Amino acid sequence: MTFCTNCGNEIPDGANVCSACGAPVGSAAGFSRAAPYTDSTDHTAEFDPQDISDNKVIAMLIYLLPVAGVLIALLSQGQSEYVAFHLRQGLKLMVVNSLIGIITAVLFWTILIPILAGICLCITTVLRFIAFFQICRGRAKELPIISSLGFLK
């Protein structure tokens, strides 16, 4: 199986040119035997572009106002799969932040735990910014660290 590196289209064996872009077969720069790269954490193609356009603001609120934004999204979500995706991501962030807070409250007397908790809270804040800017671009991409958490799939 051959794939065009110019457009990623699958090329049947024995073809002289790519049927999609017309690149010639056989040139080292034009073809690859490896499958084209796909990002498994990017789910944007699974959602209707109209749904994304109509519900960007509600999805943004999930990350801008963590508790209030989640409540607003739950109440006004309707049938939007795009908002539901970001709602799951936002809830994961809220659970992680809550666990960090509980662990810090229990072990506040140690020196290391509050420092580590501060670092973890900074990381989750950066993840919120990443998610917010992905929504601005109309993307539905899983967040880097929390995507490996098994709950709320």
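The numbers here are math on the coordinates, done by the rules we state, and not lab data. Small disclaimer: the values here were computed from a predicted structure and weren't measured. Cβ atoms come from the backbone with ideal geometry, glycine included; neighbour counts cover every protein chain shown.
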Q.
Give me the extension gain from residue 88 to residue 75: residue separation times 0.36 nm, minus the current Cα-Cα distance, reported in nm with one decimal.
A. 3.2 nm
(Q) Only four residue types carry charge here, +1 at the Cβ of Lys and Arg and -1 at the Cβ of Asp and Glu. Report the dipole size of the chain about the Cα centre in Debye, rounded to the nearest 20. (A) 500 debye
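For the chain, return all DSSP H helices satisfying: extent of Cα atoms along own axis at least 27 Å; mean Kyte-Doolittle hydropathy at least -0.5.
Numbers: long enough: 81-106 (38 Å, 1.08); 112-136 (36 Å, 2.18).
Membrane-span-like by this criterion, though nothing is claimed about a membrane: 81-106, 112-136.
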Q. Lone cysteines in the chain, going by a 4.7 Å Cβ-Cβ cut-off?
A. 120, 122, 136
Q | Under-5 Å amide H pairs with residue 17, H placed in peptide plane, nonlocal only | A | 25
Q: For residue 141, enumerate residues with amide H under 5 Å from its amide H, sequence gap 5+ or separate chain, H modeled in the peptide plane.
A: 43
Q: List every residue whose amide H lies under 5 Å from the amide H of residue 11, counting only residues 5 or more places away in sequence or on a different chain, with H placed 1.01 Å from N in the peptide plane.
A: 2, 3, 4
